[in-house]
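As structure tokens, the structure follows; a few thoughts come after it.
What follows draws every value from the coordinates through simple rules; no lab data is involved. Fair warning: this is a prediction, and the values are worked out from it, not measured in the lab. So basically every Cβ, Gly included, is an ideal-geometry build from the backbone, and we count neighbours across all protein chains shown.
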2 protein chains.
Amino acid sequence: MHQTFDAALEINLLHANQEGADHNREHFDRWGITCLNVMSSPGAGKTVLLERTLAALSKEFKIAVIEGDMTTELDAERLRKYDVPVIAINTGRSCHLDSKMVAGGIHQLAHQYNPSQLDLILVENVGNLVCPAEFEVGEHAKVALLSVTEGEDKPLKYPVMFQEADCLLIAKVDLAPYLEIDLERIEANVRQINPHVTIIPISAKTGEGLEAWLAWVQSQVRAKRSLALNH
Amino acid sequence: MHQTFDAALEINLLHANQEGADHNREHFDRWGITCLNVMSSPGAGKTVLLERTLAALSKEFKIAVIEGDMTTELDAERLRKYDVPVIAINTGRSCHLDSKMVAGGIHQLAHQYNPSQLDLILVENVGNLVCPAEFEVGEHAKVALLSVTEGEDKPLKYPVMFQEADCLLIAKVDLAPYLEIDLERIEANVRQINPHVTIIPISAKTGEGLEAWLAWVQSQVRAKRSLALNH
């Protein structure tokens with residue numbers, strides 16, 4: 001995150017954000033909604049992953065998307081084609097979504113839909129491998145993408161994102177033959193930072209790994225639903 | 001940058017950073033040094049660009065590198081092989097270099113070398129397409145890289161970096177045949193944000209565009225040297 005020349009201020013900032021995130025999560029839990037926070041560098045393939053996910057799962061689950069971008073609704077427009085509610089949040093100069101922005105998105109959603117009928121909210125964060133990892137928005141799990149084009153060393157150089165991730169997708173594996181890159185080395189570097197994370201190599205182009213990703217999402221949603229039914 | 005829930009604080013933060021940047025730049029000007037701030041998303045190819053630049057120009061110019069990374073000295077070690085002074089700055093949780101960190105780097109350099117004998121300082125920023133664009137470090141020009149793998153829409157979605165850039169390198173163009181991507185569309189999107197920026201498509205792998213990049217760097221350094229000689 002930004003150094004503010006004031007450690008107390010940074011702690012307050014993160015503390016206020018965390019309170020907001022916990023509040024958002026309480027809402028989600030009451031409504032039986034699973035919330036996933038999808039993060040990566042710009043252009044690693046978050047939006048196309050969401051396209052594939054909506055195409056595959058929007059019959060089985062009632063899904064909404066909260067789409068964070070500094071400017072434009074380009075990504076939101078791509079996802080609206082899948083006939084699900086998409087709330088676009090423009091962060092302006094801010095480099096990540098925070099819990100307050102997402103609370104605003106939830107309120108917008110709740111004006112248009114009965115939130116207790118939703119199963120899954122996918123949050124697409126601003127493209128940034130650093131800051132979004134420090135600002136929870138109320139998610140139940142963090143999904144991070146690392147494109148093979150970004151290089152093997154990124155888990156070591158940007159450790160916070162990889163420490164925080166519950167599911168790590170190694171994206172664009174179809175490009176691996178054209179790069180001097182070792183997929184096993186990437187996995188080993190991720191495991192060095194986060195030994196127990198779920199790692200799934202995927203390609204939105206060839207479809208590789210999508211089944212495993214969709215199964216992971218389904219397991220998250222079903223676990224939350226059965227928990228909500230038992231309350 | 002991060003929203004701090006306090007506009008006045010953000011202005012103070014940027015203001016304090018700008019004062020530090022102006023101070024660094026005064027030092028550089030006095031010493032006749034050109035400083036370039038090299039920025040991009042993680043994995044767009046900053047370090048390999050610096051490797052090629054040091055290999056080509058370190059005979060002609062006396063060059064030093066200030067290497068910013070959240071953690072590790074992996075990149076600094078790669079660049080030390082070129083037998084130039086490399087100062088590694090670990091930013092910890094911070095998502096960008098600021099002028100105070102770079103001032104620390106300059107002081108470290110000045111302990112080991114006579115700075116007035118340097119021609120060029122290359123600053124490699126933390127991999128982040130958002131925040132570094134807002135924090136000047138004292139550079140005379142900003143260089144931004146966009147890898148073709150990041151997609152055509154990034155200039156529109158992350159406009160601050162593209163507004164601020166003096167030179168924009170479209171990197172990894174050797175991968176373009178394997179992507180559904182239109183290089184002219186990328187250029188048009190960059191020009192929409194910044195009509196007068198110098199755009200150079202490059203590939204560190206095939207060498208495409210490197211000559212144009214090196215000529216751009218040479219022109220920056222020579223202009224600064226002739227200015228310093230006339231004072």
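Could you tell me which of the residues A:60, A:26, A:10 is assigned to a helix (DSSP H, G or I), of a type in the set (D, E, K, R) and exposed (fewer than 15 other Cβ atoms within 10 Å of the Cβ)?
A:26
With the condition kept exactly as written, say whether any residue in region A:122-140 is surrounded by fewer than 20 Cβ atoms within 10 Å (Cβ to Cβ), under 20 Å from residue A:217 (Cβ atoms) and not basic (Lys, Arg).
yes
Of the conditions (1) among the small types (Gly, Ala, Ser); (2) touching a Phe, Trp or Tyr at 6+ places or on another chain (Cβ under 8 Å); (3) closer than 27 Å to residue B:11 by Cβ, residue A:92 fails just one. Which one is it?
(2)
In region B:156-165, is there at least one residue being without any contact (Cβ under 8 Å) to a residue 12 or more places away in the chain, touching a strand residue (DSSP E or B) at 6+ places or on another chain (Cβ under 7 Å) and not acidic (Asp, Glu)?
Looking through region B:156-165, at least one residue is without any contact (Cβ under 8 Å) to a residue 12 or more places away in the chain, touching a strand residue (DSSP E or B) at 6+ places or on another chain (Cβ under 7 Å) and not acidic (Asp, Glu).
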